[in-house]
Each structure stands twice: as structure tokens, then as C-alpha cells.
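Since the structure comes first, as C-alpha cells, the remarks are kept for the end.
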Amino acid sequence: MNPAAGRGGIRAKLPSLLEAFRNQGVVNVLYTSAPGEEEDLARRAIVDGIRTIVAVGGDGTCGRIADAIMQSKSGCQLAVVPIGTGNDFAKTLRVDGYAPRQIAELVTRGVTTRIDVGSADGHFFLNSCGFGFDASVLEASNKIRFLKGNAVYIYAALRQLFSYRGIEVRASGVPGVKRGPMLMITVSNGQYLGGAFRIAPHASVVDGKLDVCFFNDSNVVERMRLFLGAMRGTHLEMPSVTSASVPQLTLSFAVRPAMEMDGELRFARSKTVELRCLPRALAVIAAPGAFS
């Protein structure tokens, strides 16, 4: 459990949440006290023989726990109680509208399915890995303290539309894309980004592929059209957007790029980033019919 999730909004929900799981016999609760501690707690739980970990938090919490599970090669399964800012992964599992009681019941029933996981630069991601505008918006949103939920990303994105300068990238493994200035590159396992944006409307976490989307850089008017299109999931029809579904790809940048990975800001280890899909690599607990 991440007590800082949802910008502290979890605290008011804590008593009812804990009660919901206690009623199902789940009483082993671990709390993070610093960013990134989810991975250490998850690794310890896996060593202790825990077979199911419930992430109470947002996409960053889920992503870090999933990374620990994947690194351990343990077969441990993941569930989520969404209390984050965007909750994109919870939307993929179709539990974003579930009450804690419903999720607790799902967990104790133990009906699992396996989903694809993305790999990039030595880390694993559940939902998305983004470069350029995406990473810049995330960095800006981390400094916003007066908003919560989807409004954080929408406000940060609108501000960045007028100031972001674009990124130079060369791609291999993606038909029709070579080299050029880009506003943004998103590599998606799930469909959603930043809570409010359906960035990869055709993505599936059970198809063995990643949905990559290249946004050509343009003027402010075209950027605004892209912004509105991405909210509706209609941006793929625009001439400045190129998309493809691929099992792997390589991106090369002029400088070591910043990356948005499951709502967390990371910096690549080199100027070249290799990304690939690992089919059905993680066991998760999702809502019935989530992937049908």
C-alpha cells in the first residue's frame, strides 16, 4: 500500500479498504514509506512465499511491483486497488469502477489470467512507455499540487503544448517510420495514458504485441488537434500520426532520453532503447470478461 497514492487521497479511504480485505481474511498489509520501496517489499514477500500481491495505489505502484515480480521469475500474481492519479492499468483490468469489497472478493476467489508485459531498457512495464512530450508532461505534472485525478495530466499537457520543443528519433522495426523530429512516441501495452487519454485505442494486453504511435512535430494548432484527438481516441486517423502493432522495436535518440514508464519518470541508460513484448508473462486478477 502506498499512503501517498492519489496525492494522499487514500487516507480517507483506508479504514473501509482494510475492513473489506479483513472480511475476506486478508490481513497482511505492508506500507511504503518512500518512493520505490514497493519493489523491495514485493521482493521480500515473494521470498516469503506470497503468491498474490495486491497493489493499493496508482500506475507507478503497480509498475514497480510488476517489475519485481518479473525480475524474480516467481509466477506471483498481481491485483490492484486503484487509488492513483490516472489508474490506467486498473482500466485495463476493468476494476477502475470496483469498490474495495469487490476487488477483495476477486482476490480471494483467485481467478487469474495471464497478460503481456512490455520490456524497455532493463525494466518491465504494464501499460506504457513514452518519449518526448509524454515524458515532459509527466515531469511537469509532478510539480502540480493544486489538482488531483485526470485534471493533473490534462492541465500539464495543455501547458506543455505551447512550450515543448520536440525530439529527434530514428526508429527500426516499425514499418513506414525512419527518422525525423517528433512531438511524442508512445509504446503501449494497454489502451490508456494519463487517465484521460485513449492513446492506443486498438491495443490489447493479450495479443503479443505493443502498439507504437509516432506523433510528428507540428505547430500549436495541430498540437491542439492531436491533444483533443488523443482524448477521444481518434488521433490515429490524423496525417501527422503513424501507428503500428509490433512485437519489438528499437528507438535511437540524439541524447539519452527521458521516459515515461507506467506513470514514472526514468532516464534511459543510453541513446538507444530497445523495447519488446513478452507474451502472457504476468498473472493478474481482473474483472470477469476484461480481455474478451
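The values are calculated or read from the model by the stated rules, or taken from the named source; none is laboratory data. Here the structure is a predicted model, which is why all the values come from computation and not from measurement. Neighbour counts are summed over all protein chains in view; Cβ atoms, including those assigned to glycine, are modelled from backbone coordinates with ideal geometry.
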Checklist entry - Any chance the range 108-124 includes a residue that's of a type in the set (A, V, I, L, M), in contact with a Cys (Cβ under 7 Å, 6 or more places away or on another chain) and surrounded by 16 or more Cβ atoms within 10 Å (Cβ to Cβ)? => result yes
Checklist outcome for this item: The one condition Ala68 fails out of (1) assigned to a loop (DSSP other than H, G, I, E, B); (2) surrounded by fewer than 24 Cβ atoms within 10 Å (Cβ to Cβ) is (1)
Checklist entry - Which pairs do you get when a residue that is in a helix (DSSP H, G or I), found in the range 26-38, comes within reach of a residue that is modelled with pLDDT under 85 and surrounded by 10 or more Cβ atoms within 10 Å (Cβ to Cβ), reach meaning Cβ atoms under 8 angstrom, with the pair 6+ apart or on two chains? => result Glu38/Asn2
Checklist outcome for this item: Expected single match for buried (at least 17 other Cβ atoms within 10 Å of the Cβ), modelled with pLDDT of 95 or more and not hydroxyl-bearing (Ser, Thr, Tyr) among Ala230, Ala258, Ala286 is Ala286
Item to check | Residue tally, condition closer than 20 Å to Ala104 by Cα, at pLDDT below 85 and of a type in the set (Gly, Ala, Ser), over the range 7-53 | outcome: 2
Checklist outcome for this item: Flagged in the range 168-223 as hydroxyl-bearing (Ser, Thr, Tyr) and crowded, with 24+ Cβ neighbours inside 10 Å, in numbering order, are Thr186, Ser188, Tyr192
Next on the checklist: Taking the conditions exactly as written (over 30 Å from Arg109 (Cα atoms), aliphatic (A, V, I, L, M) and either assigned by TED's automatic domain parsing to the domain that holds Asp67 or under 16 Å from the mean Cα position of the chain (by Cα) (or both)), does Val273 satisfy them or not?
Outcome noted: no
Checklist entry - Among (1) without any contact (Cβ under 8 Å) to a residue 40 or more places away in the chain; (2) out of contact with any Gly (no Cβ under 7 Å at 6 or more places or on another chain); (3) closer than 17 Å to Phe131 by Cβ, where does Ala254 come up short? => result (1)
Item to check | So Phe133, is it within 13 Å of the chain's Cα centre (by Cα), in contact (Cβ under 8 Å) with a residue 12 or more places away in the chain and crowded, with 18+ Cβ neighbours inside 10 Å | outcome: no
Checklist entry - Can you find even one residue in the range 148-155 that is at pLDDT below 90, of a type in the set (Val, Ile, Thr) and buried (at least 22 other Cβ atoms within 10 Å of the Cβ)? => result yes
